[in-house]
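The values are calculated or read from the model by the stated rules, or taken from the named source; none is laboratory data. All figures in this text were calculated on a predicted structure; none of them were measured in a lab. Glycine also receives a Cβ, built like all others from the backbone with ideal geometry; neighbour counts cover every protein chain displayed. Surface accessibility is based on the protein's heavy atoms, side chains included, excluding ligands, DNA and RNA. Shrake-Rupley method; radii C 1.70, N 1.55, O 1.52, S 1.80 Å.
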Amino acid sequence: MNVLLLGSGGREHALAWKLVQSSGLDTLYAAPGNPGIAGLATCVALDATDHAAVVQFARDHAIGLVVIGPEAPLVDGLADTLIAADVPVFGPTRAAAQLEGSKGFTKDLCTRAGIPTAAYARVRSRAEADAAIATFSLPVVIKADGLAAGKGVVIAMSSAEVSAALDALYDDEPAAEAVIEEFLDGEEASLFVLTDGKTLMPFGSAQDHKRVGDGDIGPNTGGMGAYSPALVLTPELEARAIAEIIEPTVRAMAAEGIPFSGVLYAGLMLTAQGPKLIEYNARFGDPEAQVLMPRFKGDLLATMLAVAEGRLATMPPAAFSDDTALTVVMAAQGYPGTPMAGGAIVGIDSARAAGGTVFQAGTRIEDGGLVAAGGRVLAVTATGDDVRDAQAKAYRAAAAIDFPTGFYRHDIGWREVARGD
Ligand code: AMP
Ligand code: GLY
């Protein structure tokens, strides 16, 4: 079968890396892909916002499955167009992708389905926001509705910070939609579950590092590193999260006529009262995919196709190796602000020889050499017997890469390492 993978990040490189291990794959196409993906797939210039062009490409190249990596095409309804054209697609419809695309939608669904999450108020003006804030204690969480690449969330510790956050929200857009939330205390973990709208297939856990600097300081990023599994999410807590959060979500979506098909990526807060939902994403995480895929022992193409075709009940449970996988993101200096473009990257082969798997994200080929072309540039993954072992191997591999205009955190996995001490 021919597969079309949409996206260009480290997540998509990891998905491509796993897809090419499937015996049922003939040709993997990627749009637009990146130089790392180009080593595994035929990269094509196809604009994912041009839905008709994607359908035409699928017809012309006998595509049996389209895998949508990032959230934007999902929220834009690309899956709906593919379904209407009878092209199997891994990824939810526009209506189902609201679980990621609209924080207010998800919070209201949690209320209807009795799903544990932070207390909240939806507001649509500065006056409503001020009135809602008065009913919460500090710290309070203020979130812009809609896709914000992790940048639309403020945890306000003081009334001055509340005012600054609300000014930023409402000065330009007086009717901005936002969610005001109770602050949840606890440790965060990510849980992944595949579903075809009916059957659930737990698909592993991970923890990431959102802040740019060592010790979890500095601005938020898309993720500077991750590891899997997240041992803090014990089998008991995972079972609880599935029973109390994921299952009711999948049932409620189906009952409301907008079944969710694809991967549900739940951001959980493990509070003293048990797991609570912070947010959903409607796609794999980046860099979480770079630690999940190396541990997944099954056939990714067969599994994704079963999701797309509503046959997940016929598949065996997803099996993962007992190893820990850890990935270190190498970013370009300036990230998460304006990253320095064009810096040379040498030594991917040396990193591989040192035991790492290098997933590429913001890279391109210039004059025959690999250079940086984005914020997050590489994700260097290694697996080991435990987090300490995986961490040592990932950093050995990262050290083999010569990327003078790049940087990376030196403490990925610290929580898990500290727990093991
Ligand atoms: P979100 O975009 O909703 O995932 O929020 C981004 C980050 O903000 C999360 O990963 C948490 O670290 C933090 N956060 C969001 N909501 C809350 C909350 N209610 N309580 C505490 N931290 C939160
Ligand atoms: N690593 C966070 C995300 O993919 O949303």
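Shown for segment 324-421 is the translational diffusion coefficient from the Stokes-Einstein equation, using the Kirkwood radius over Cα pairs, a temperature of 25 °C and a viscosity of 0.890 mPa s: 182 µm²/s. Just to be sure I understand the model, the point goes 7 Å from the Cα along the line to the Cβ. What's the resulting T338 to A84 distance in nm? If labels sit at T338 and A84, their model points lie 4.0 nm apart.
If you wrap the Cα atoms of the chain in a convex hull and average its projected area over all directions, you get 20.0 nm².
Normalised per residue, the accessible area of segment 1-139 is 38 Å², obtained with a 1.4 Å probe and no contribution from ligands, DNA or RNA. When +1 charges are put on Lys and Arg Cβ atoms and -1 charges on Asp and Glu Cβ atoms, the dipole computed for the chain relative to its Cα centre reaches about 460 debye.
Given an 8 Å cut-off on Cα distances and at least 6 residues of separation, report the relative contact order of segment 257-351 as a percent.
Once normalised by length, the contact order is 21 percent.
Of the solvent-accessible surface of the chain, computed with a 1.4 Å probe and all protein chains present, 53% belongs to carbon and sulfur.
Placing R0 at 35 angstrom, the Cβ-Cβ distance between T42 and K198 gives a FRET efficiency of 0.55 after rounding to 0.05. Bridging of K210 to lysines at a Cα separation below 22 Å is possible for K103, K143, K151, K276, K393, once same-chain residues fewer than 8 apart are set aside. Paramagnetic label reach from M1 (point 7 Å along Cα→Cβ; backbone nitrogen cut-off under 18 Å): within segment 286-320, residues 297-319. Computed with a 1.4 Å probe over protein heavy atoms only, the accessible surface of segment 326-404 comes to 40 Å² per residue. With 10 Å bins beginning at zero, the pair-distance distribution over Cα atoms of segment 142-285 amounts to 10, 35, 36, 17, 2 %.
Computed with every protein chain present, the accessible area of Y408 is close to 50 Å² [probe 1.4 Å]. For the chain, relative contact order (Cα pairs under 8 Å, six or more residues apart, normalised by length) works out to 16 percent.
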